[in-house]
Structure formats: C-alpha cells, structure tokens
Amino acid sequence: MDFAKVSAEVRTGSGKGPAHRTRAAGKLPAVLYGHQTEPLSLALDPKSLTQALDKDRKRNTVFSLSVQRDGKAEDITVMIRDVQIDPMSREPVHVDFIRVDMDELVRVTIPVLLLGIPVGVTNGGNLHQSYRNLPIAAKPADIPIKIEMEVTALEIGDALHASDLKLPPGVKVLLDPKEALASVVAPRAEKVEEAAAAAPVEGAAAPAEGAAAPAPGAAPGAAPGAAPAAGAPAAAGGKGAAPGAKPAAPAGKKEGEKKAK
C-alpha cells in the first residue's frame, strides 16, 4: 500500500501559547499519540498535509510521517485522529495524529451511500437514513472508501439492518446487528390524520371523578351544595334537623308566656 508522505519537526512546549507561536510562523501545530508512548508535539507545513490527503479517503488516509528530531529522521505510520478547523477560513488550525500498525485493527468511520429508489417511496412512503457514516474496524490497508446499500426493494415498513451489510473481507461494522440503517416509513400526514380521528371530541368531557351530588330538594340544575332558596320552610324538629336544636315556637305565642291555668 502506498502511503502519503508528510514531513514534520518536533516543537518545544505545549498548550495555547506555543501553538499560537507555531501558527504565527506559518506552521500547523500537531500532536502524535498512540502505542503507549508519550505525546509528541510537532509542527508541519499545512499545505503539505492538505495536498497529501487522499481525495476519497480524506481523514482515513494513511500517512508516512517523517519526524525530524536531533538531526535524524524517523518514519512513522500514522492516521489522523482529529482536526480542528477555523470556522472562518475553513483551514486546519490543529491536527492530532495516531500511530498505527498495518497488522492491527483501527476504528474509523466511512460514508454509507444508498442506491436506488425504494418501491415504498414510489407508493408514497418516505425513505429514512439513520446512519450516513458507519463506525467500522479494519486494518489500515483494508479500510474501504465507502459502503453502498441497495434499497430499491424496500416497501413501506421495511428496513435494512447492520446485519444486511455486504462488507469487504477484514471489515467489521461496530453496530448491533439489529440496528436499522435505512427504512421506508408511512407519510407523516397519514399518521396525523389517524391520531386526530382517535382523539376525543372537544367539549365532551365526562364529569370529574368524586364530584358532589346535588343536595336533597335542590332545584334541577342547581350547583352541588347550594343553599335552599330564600323563603323555603326549614325542618322543625323533624328529620334533618341539626342535633340538639330546639323546635320553633308556635305562631302567636310569645317567648316566656305563662301557661293558662
């Protein structure tokens, strides 16, 4: 396998200050990690890195990094682990490399492309793609540029799962086999109509649970617990009188009047 070649030199110091001075000098600050070694601070030409990137593999490009240290050059096989991009210029401002062994698996992500127009879409369904990039494990030389999935046969309600992938030899997808990657779903408008049909009619709410019943003798439609209307006769010693209440005096008799002899 041919490697893209990039030269770098060891830089002293770490942190924002040294990195800023490196950029001011026209260099790209970088750090090399991996294989249980101490992180190594580097500086390199940003244009040489951009030119060395494989147009198809992009961040999955395998580099032969020539590190200049103490007048000697050491060639190290690396890949890009992370890149920080300036939001305005869209140019890299920092890059992290990781050492790789051609006989060891590395974890990367690759794009997944869907081929064809599903039958379910022709019949009014919508195609939903859950993953546009797949996490995989493979040896550096076995990393594919992309994975393609044929979706033409999918009907509404059908899905393709991780177990349906046809991967090149030596490549393993890092997902649950039952994970759905693409599916054809029913139009959302139909679901909204179904939900509206199943909803209760507004204003037809049932009486609240535990509501008090109308008081005995209350007029129809009176509020629960409403007092009797003015002028209504009160119970006199009969049923419903308050415990211990005295009966009302007969009409025409004054209180305290002596009994006739």
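The values are calculated or read from the model by the stated rules, or taken from the named source; none is laboratory data. Source: prediction; values computed, not measured. We place every Cβ from the backbone using ideal geometry, glycine too, and count neighbours over all the protein chains shown. SASA here: full protein model, heavy atoms, side chains in, ligands and nucleic acids out. Shrake-Rupley method; radii C 1.70, N 1.55, O 1.52, S 1.80 Å.
From the list D96, D82, D75, pick out the single residue that is within 24 Å of the chain's Cα centre (by Cα), in a strand (DSSP E or B) and of a type in the set (D, E). Break it down stepwise before answering.
On the way: D96 fails: within 24 Å of the chain's Cα centre (by Cα); D75 fails: within 24 Å of the chain's Cα centre (by Cα).
Only one candidate qualifies: D82.
Quick one: how many residues across region 43-72 are assigned to a helix (DSSP H, G or I) and open to solvent by 60 Å² or more (accessible area, probe 1.4 Å)?
Let us first name the residues in region 43-72 that are assigned to a helix (DSSP H, G or I), namely 46-52, 58-60.
With the extra rule that they be open to solvent by 60 Å² or more (accessible area, probe 1.4 Å), the set shrinks to 47, 50-51, 58-59.
Here the count works out to 5.
Would you call M88 free of Cβ contacts under 8 Å to residues at least 40 places away in the same chain, more than 17 Å from V31 (Cα to Cα) and either open to solvent by 80 Å² or more (accessible area, probe 1.4 Å) or assigned to a loop (DSSP other than H, G, I, E, B) (or both)? Steps first, answer last, please.
Working: free of Cβ contacts under 8 Å to residues at least 40 places away in the same chain: yes; more than 17 Å from V31 (Cα to Cα): yes; either open to solvent by 80 Å² or more (accessible area, probe 1.4 Å) or assigned to a loop (DSSP other than H, G, I, E, B) (or both): yes.
The answer is yes for M88.
Give the residue that is least open to solvent (accessible area, probe 1.4 Å), with candidates limited to residues of region 99-136 that are assigned to a strand (DSSP E or B) and touching a residue at least 60 places away in the same chain (Cβ under 8 Å). Break it down into steps so the answer makes sense when it comes.
Step one: of region 99-136, the residues assigned to a strand (DSSP E or B) are 99, 106-115, 126-129, 133-136.
So of that shortlist, the ones also touching a residue at least 60 places away in the same chain (Cβ under 8 Å) come out as 99, 107, 112, 114, 126.
Details: R99: 50, R107: 194, V112: 9, L114: 42, N126: 74 Å².
So the residue we want is V112.
Would you point out which residue out of E190, E209 is among the acidic types (D, E) and either surrounded by 10 or more Cβ atoms within 10 Å (Cβ to Cβ) or modelled with pLDDT of 55 or more (or both)? If you could, list the steps in order and put the result at the bottom.
Details: E209 fails: either surrounded by 10 or more Cβ atoms within 10 Å (Cβ to Cβ) or modelled with pLDDT of 55 or more (or both).
So the residue among E190, E209 that is among the acidic types (D, E) and either surrounded by 10 or more Cβ atoms within 10 Å (Cβ to Cβ) or modelled with pLDDT of 55 or more (or both) is E190.
Give the residue, chosen from L28, L40, that is open to solvent by less than 90 Å² (accessible area, probe 1.4 Å) and within 24 Å of K55 (Cβ to Cβ). Please lay out each step first, then the result.
Numbers: L40 fails: within 24 Å of K55 (Cβ to Cβ).
Within the list L28, L40, the selection yields L28.
Which of (1) open to solvent by 40 Å² or more (accessible area, probe 1.4 Å); (2) part of a loop (DSSP other than H, G, I, E, B); (3) out of contact with any Asp or Glu (no Cβ under 7 Å at 6 or more places or on another chain) does L154 not meet, given it meets every other one?
(1)
For region 1-25, enumerate the residues that are open to solvent by less than 50 Å² (accessible area, probe 1.4 Å) and free of Cβ contacts under 8 Å to residues at least 12 places away in the same chain. Explain how you work it out, then say what you get.
Kept after step one, since they are open to solvent by less than 50 Å² (accessible area, probe 1.4 Å), are these residues of region 1-25: 4, 6, 8, 11, 13, 15, 17-19, 22.
Within region 1-25, G15, G17 qualify.
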